[in-house]
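This report concerns only the one structure given below.
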Amino acid sequence: MFGHKEKFRTASIIGKGTEFKGTLKDKESIRIDGKFEGKIQVEGNVIVGEDAVIKADIQARSISIGGKVIGNVDCQEKVEIFPSGSLEGKVKASDLT
């Protein structure tokens, strides 16, 4: 994904064509390729696929964005936005690339 080998293993996936509304909590990392609306609280990493559309506030260790994210992002480590990705909202992170 995003022209390089994925760095993280994911425990949960919301696949392309899937729509989800609500609060998502996970102790591991997640990948979202579909549509999500609500709130995401993850102890691991969040990977946003190129076709994903997320309207949510996100709390995670780090996030890699290849799709569209609308909402505030609070990461302990890094927020990485790829050329295909976009982020509209406030960002709190130790590193933004």
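When a/c reaches 1.5 or more, the comparison of a/b and b/c decides; with that in mind, is the chain rounded, prolate or oblate per its Cα gyration tensor? Rounded, since a/c falls under 1.5.
Each Lys and Arg contributes +1 and each Asp and Glu -1, all at the Cβ; summed about the Cα centre of region 15-97, the dipole is approximately 180 debye. Between region 58-97 and region 12-46, what is the C-alpha centre distance in whole Å? The distance from the Cα centre of region 58-97 to that of region 12-46 comes to 14 Å.
Comparing LEU87, ILE65, PHE36 along the charge dipole axis of the chain, the residue lying farthest to the positive side is PHE36, per the Cβ-charge model. With the alpha-carbon atoms of region 45-97 aligned to their principal axes, the span from lowest to highest coordinate is 25, 18, 16 Å, starting with the largest. For the chain, the antiparallel share of DSSP beta bridges with both residues in that region comes to about 0%. Subtracting the Cα-Cα distance of GLU37 and ALA11 from their residue separation scaled by 0.36 nm leaves 7.4 nm. Multiplying the residue separation of SER86 and LYS27 by 0.36 nm and subtracting their alpha-carbon distance yields 18.7 nm.
Would you calculate the separation in nanometres between label points at VAL53 and GLU19, each defined as 7 Å from the Cα along the Cα-to-beta-carbon direction? Label at VAL53, label at GLU19, 0.9 nm between them. Taking all protein chains into account, the per residue accessible area for the chain stands at 57 Å² (1.4 Å probe).
Straight-line cross-link partners of LYS35 among the lysines, defined as a Cα under 22 Å from its Cα and at least 8 positions apart when in the same chain: LYS16, LYS21, LYS25, LYS27, LYS55, LYS68, LYS90.
The values are calculated or read from the model by the stated rules, or taken from the named source; none is laboratory data. The model shown is predicted, which means the values in this text are computed figures rather than measured ones. Don't worry about glycine lacking a Cβ; one is built from the backbone with ideal geometry, like all the others, and counts go over all protein chains shown. Side chains included, ligands, DNA and RNA excluded: accessible areas come from the protein's heavy atoms. Shrake-Rupley method; radii C 1.70, N 1.55, O 1.52, S 1.80 Å.
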